[in-house]
Amino acid sequence: MTERPVMELAGTIRHDGDGGVLDDLDTVRGARRWLQQQPDVLAAVTGEPVLDEELREAVVDVRRAVRALFARVVSPAPPSPADAHRLLPVDEAMRLLNAAAAREPVAPQLHWPAEGPPTTGLLSAEGDPGVRLVAALARDAVDFLSGPQREHLRACRAPRCVRYFVKSHGRQEWCKPSCGNRARVARHYERARATGSPRIRPSGPPSTGR
């Protein structure tokens, strides 16, 4: 199942599979590649934006705000270790996110077919797809942070993982099964070391963090 845009955006900072952290938005080329993999975002924008350095920086600013506010949501538990040392202050993150959402003037529109229930959409007065992109990402973040899914947001605590995720069931501790496996192996290794048992090295291919 495709994650909502705000989670996809936060997930552009991820484990590289070799003990480090990758940033999918670190370059214009990388940002373009990421955007091409987000059909839901592009559908909301109505027209593919020209992703240049200025637009890349605007999207990164939204991500910085999102990840700072995600850290607030999961507190007092630790935030993702990828950027815990350089998070924006909460007030600045909210100001940045609200300003990005306000860049696109929109009005709600009612759609009511002859058969079926009514639905709503947004009518945009903005002609620049790049502005619409930034605003759409920010609006989804605002919707998420003010909605019920916020209560289920967690930072994955598996070794080396830096992802945030939304719990899908009450016992979920990790963002994906491979992280759960890695965490259980690490715990077993630590117990064996503490008791002096033969050490068992973690096996299997490295995680990609995706």
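The values are calculated or read from the model by the stated rules, or taken from the named source; none is laboratory data. Remember, predicted model here, so these are calculated numbers, not experimental data. Backbone-built Cβ (ideal geometry, glycine too); neighbour counts: all protein chains shown. Accessible surface is based on the protein model in full, side chains and every heavy atom, while ligands, DNA and RNA are left aside. Shrake-Rupley method; radii C 1.70, N 1.55, O 1.52, S 1.80 Å.
Data overview
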{"item": "Tabulated pairs, the range 98-119, first free of Cβ contacts under 8 Å to residues at least 60 places away in the same chain, second aliphatic (A, V, I, L, M) and assigned to a loop (DSSP other than H, G, I, E, B), C-beta under 8 angstrom, 6+ apart or interchain", "result": "104/125; 105/125; 106/125; 107/125"}
{"item": "The range 82-95 residues that are more than 11 Å from residue 64 (Cβ to Cβ), paired with ones that are open to solvent by 50 Å² or more (accessible area, probe 1.4 Å) (beta carbon under 6 Å, 6 or more apart)", "result": "82/21; 90/72"}
{"item": "Residue satisfying condition, being open to solvent by 80 Å² or more (accessible area, probe 1.4 Å) and of a type outside the set (A, V, I, L, M), within set 126, 115", "result": "115"}
{"item": "Residues located in the range 85-104, provided they are open to solvent by 50 Å² or more (accessible area, probe 1.4 Å) and charged (D, E, K, R)", "result": "86, 91, 92, 95, 103"}
{"item": "From 82, 107, residue being of a type outside the set (Phe, Trp, Tyr), assigned to a strand (DSSP E or B), open to solvent by less than 60 Å² (accessible area, probe 1.4 Å) and modelled with pLDDT under 95", "result": "107"}
{"item": "Looking only at the range 41-75, and only at residues there that are in a loop (DSSP other than H, G, I, E, B) and either under 23 Å from residue 15 (Cα atoms) or in contact with a Gly (Cβ under 6 Å, 6 or more places away or on another chain) (or both), the one that is most open to solvent (accessible area, probe 1.4 Å)", "result": "75"}
{"item": "Unmet requirement for residue 176, which otherwise passes all of (1) at pLDDT 90 or above; (2) surrounded by 10 or more Cβ atoms within 10 Å (Cβ to Cβ)", "result": "(1)"}
{"item": "Test: residue in the range 85-94 that is touching a helix residue (DSSP H, G or I) at 6+ places or on another chain (Cβ under 6 Å), at pLDDT 95 or above and outside any helix (DSSP H, G or I)", "result": "yes"}
{"item": "Selection count, the range 1-40, where residues are open to solvent by less than 40 Å² (accessible area, probe 1.4 Å) and more than 21 Å from residue 64 (Cα to Cα)", "result": "1"}
{"item": "Selected residue [among the aromatic types (Phe, Trp, Tyr) and modelled with pLDDT under 80] from 164, 189", "result": "189"}
{"item": "Looking only at the range 10-31, and only at residues there that are among the charged types (D, E, K, R) and modelled with pLDDT of 95 or more, the one that is farthest from residue 158 (Cα to Cα)", "result": "29"}
{"item": "Criterion (at pLDDT 95 or above and either out of contact with any Lys or Arg (no Cβ under 6 Å at 6 or more places or on another chain) or within 24 Å of residue 66 (Cβ to Cβ) (or both)) met by exactly one of 183, 138", "result": "138"}
{"item": "Hey, residue 153 modelled with pLDDT of 95 or more and either open to solvent by 20 Å² or more (accessible area, probe 1.4 Å) or in contact with a Ser or Thr (Cβ under 7 Å, 6 or more places away or on another chain) (or both) or not", "result": "no"}
{"item": "Residues (free of Cβ contacts under 8 Å to residues at least 60 places away in the same chain, assigned to a helix (DSSP H, G or I) and not polar (S, T, N, Q)) located in the range 9-40", "result": "28, 29, 30, 31, 32, 33, 34, 39, 40"}
